[in-house]
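Below you'll find the structure, written out as structure tokens, and then a few comments.
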Amino acid sequence: MNLKKLKQAEEAFLYRYPGGFDNLEIIAIRHKKHNVDRMIGFTQESFAKRNFKLPEQIVRNMVKVISRSSVISVFEKPRFRDFAETLSPEGMQLISVGLKELLHGNEQTGFQTILEMLKQGKLAKWSLMTVCQTYFHPHRDVLVMPNTVKGIIEYFELENLRYQPTPTWAFYEAYRSSIHEMKSSVDPSLSPSNAAFSWFLLLSFHRNVF
């Protein structure tokens, strides 16, 4: 990690937006474009552990999260919805079991279970694989958006990471660890959530934003 670049980005962001993500301008942008707090609340309620007795409802709520999320492509939303509608009861059960493990149990097992299911629908996309846990565990988990992640890796010189278009648990775990390491090196006001922190990192190599 290039700590010098990270600290320069921190200085530039706090100069432009005093108070970091507590800045009123930033708060307005987040609420207008992303409804982050609402998405977190809906996701945490929908995927509370007690709800996994009803796999069909879990899948329906996954469709809602993905459909309402501002970070998911308009092309991927209907494709996932159509895929969910074709799932058999057994397929819904597998998706539900995978998500329960991912959020409440063995993360790697859950990740692999969902990945194998999405591969069947040719939907093994990083954004679809990581959006639910990003809202459910906003301080623990990370959203993997290909262009953003590739830019962060290149600009901040994360030499231990090699992006791959096909989701893997190994990359996800390593990238998440790098995000947490970077968070620990800057002011806490830059990371009210991992998604917010990633947005800060993205702005760091789009200087016209400042």
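Here are some notes:
- Filter result (outside any helix (DSSP H, G or I) and touching a residue at least 60 places away in the same chain (Cβ under 8 Å)) within segment 119-158: P138, L143, M145, F156, E157, L158
- From P146, P138, residue being farther than 18 Å from F21 by Cα, out of contact with any strand residue (DSSP E or B) (no Cβ under 7 Å at 6 or more places or on another chain), open to solvent by less than 50 Å² (accessible area, probe 1.4 Å) and of a type outside the set (F, W, Y): P146
To keep it simple, each residue is scored yes or no on (1) within 16 Å of T134 (Cα to Cα); (2) at pLDDT 90 or above.
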| position | (1), (2) |
| --- | --- |
| F156 | no, yes |
| R162 | no, yes |
| P167 | yes, yes |
| R176 | yes, yes |
| H180 | yes, yes |
| S189 | no, yes |
| A196 | yes, no |
| R207 | no, no |
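Okay, residues lined up against (1) charged (D, E, K, R); (2) closer than 22 Å to E173 by Cα; (3) touching a His at 6+ places or on another chain (Cβ under 7 Å); (4) open to solvent by 40 Å² or more (accessible area, probe 1.4 Å):
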site	(1), (2), (3), (4)
V36	no, no, no, no
Q44	no, yes, no, yes
R50	yes, no, no, yes
V65	no, no, no, no
F75	no, no, no, yes
N106	no, yes, no, yes
F111	no, yes, no, no
L123	no, yes, no, no
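- Every condition in (1) within 27 Å of S191 (Cα to Cα); (2) assigned to a helix (DSSP H, G or I); (3) at pLDDT 90 or above; (4) hydrophobic (A, V, I, L, M, F, W, C) is met by I26 except one, and the failing one is (3).
- For segment 161-210, the tally of residues that are in a loop (DSSP other than H, G, I, E, B) and in contact with a Gly (Cβ under 7 Å, 6 or more places away or on another chain) stands at 2.
- Given (1) closer than 24 Å to E11 by Cα; (2) surrounded by 15 or more Cβ atoms within 10 Å (Cβ to Cβ), number of the condition P188 does not satisfy: (2)
- The condition of being of a type in the set (D, E), free of Cβ contacts under 8 Å to residues at least 24 places away in the same chain and surrounded by 13 or more Cβ atoms within 10 Å (Cβ to Cβ) holds for only one of E116, E101, that being E101.
- Close pairs from segment 69-84: first without any contact (Cβ under 8 Å) to a residue 24 or more places away in the chain, partner crowded, with 19+ Cβ neighbours inside 10 Å, Cβ under 7 Å, at least 6 apart: K77/I66
The values are calculated or read from the model by the stated rules, or taken from the named source; none is laboratory data. Since this is a predicted model, take the numbers as computed values, not measurements. Quick reminder, even Gly has a Cβ in these numbers, built from the backbone with ideal geometry, and neighbours come from all protein chains shown. Ligands, DNA and RNA are excluded from the accessible area calculation, which covers all protein heavy atoms including side chains. Shrake-Rupley method; radii C 1.70, N 1.55, O 1.52, S 1.80 Å.
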